[in-house]
Amino acid sequence: MHQDFLPAGIVVLTGAGISKESGIDTFRDKDGLWTRVNLEDVATIEAWHRDKKKVLDFYTETRKTFRAAHIAPNAAHKALAHFEQKYDGEVTIVTQNIDPLHEQAGSRNVIHMHGRDGEIRCMHCGTVFVSDVDLTPQSVCTHCNTVGELRPNIVWFGEMPLHMDEINAALERCGLFVAIGTSGEVIPRPASCCRRAAARTSTRSSSTSSRPIANRCSRNISTAPPPGSCPPYVEHVLKSGWPQ
């Protein structure tokens with residue numbers, strides 16, 4: 001790969017838009033998930049305390065989408081994984097998605113800032129563990145034996161994203177920041193990542209959303225990737241290095 005002028009560190013922020021071509025619905029588009037369900041009823045800690053069964057049932061149904069037989073990494077996931085394998089410097093993928101498609105495509109350095117499917121957290125003892133079990137209000141924590149305090153280890157609205165120290169360290173090391181498939185509107189962290197990166201790096205963005213990325217990064221070089229194709233900026237990087 002021709003990468004003489006590429007920076008040593010690259011951070012790629014991905015959102016729901018990158019998984020849309022794989023068959024997973026986005027959240028904020030006109031036909032997104034939050035147009036069909038009230039997020040305050042299923043995606044806040046207050047909702048969980050108010051009606052645990054409703055929240056856990058919603059999560060169980062959502063997980064079925066990720067695990068459907070036809071869901072698989074698309075060309076964008078595969079291109080990023082290939083880029084990471086071929087690039088001599090550090091490539092860090094920071095994803096807002098809880099699906100495992102980046103890992104399934106072969107990416108190794110992935111940070112899930114909103115948590116990931118298949119992890120459970122006990123609100124009583126704080127233990128986080130890997131499990132594919134469907135949760136109910138009667139589920140028992142195997143570490144402290146408390147009943148009814150298990151929840152998905154995902155970030156709900158009003159909660160702080162995970163792994164922010166690790167993400168901030170990667171941003172400090174990077175010379176290029178790329179945002180793919182995200183509107184950048186989720187406050188405070190994903191949007192602040194865009195602004196922080198734009199202030200100190202070369203920044204590129206591509207979003208499937210019609211809404212602008214937070215404060216615009218540096219310049220937008222693409223809209224939605226065409227179905228079944230690799231995003232044009234990734235194709236260019238893989239073939240000849242980043243355009244100046």
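The values are calculated or read from the model by the stated rules, or taken from the named source; none is laboratory data. Given the structure is predicted, the values throughout are model-derived calculations rather than measurements. Here the Cβ is made from the backbone with ideal geometry for all residues, glycine too, and neighbour counts use every protein chain on show. Calculation scope for accessible area: heavy atoms of the full protein, side chains included, ligands and nucleic acids excluded. Shrake-Rupley method; radii C 1.70, N 1.55, O 1.52, S 1.80 Å.
Give me the residue from the stretch 1-59 that is more than 25 Å from LEU80 (Cα to Cα), in a loop (DSSP other than H, G, I, E, B) and modelled with pLDDT of 90 or more and, out of that set, most open to solvent (accessible area, probe 1.4 Å). Filtering first and then ranking leaves ASP51.
Checking each residue in the stretch 155-176 for being under 13 Å from ILE93 (Cβ atoms), in a helix (DSSP H, G or I) and open to solvent by 30 Å² or more (accessible area, probe 1.4 Å) picks out only GLU166. Scanning the stretch 125-139 for residues that are assigned to a strand (DSSP E or B) and open to solvent by less than 70 Å² (accessible area, probe 1.4 Å) yields one hit, PHE129.
For the stretch 70-93, the condition holds for no residue, the condition being that it is closer than 26 Å to CYS122 by Cα, open to solvent by less than 60 Å² (accessible area, probe 1.4 Å) and not in a loop (DSSP other than H, G, I, E, B).
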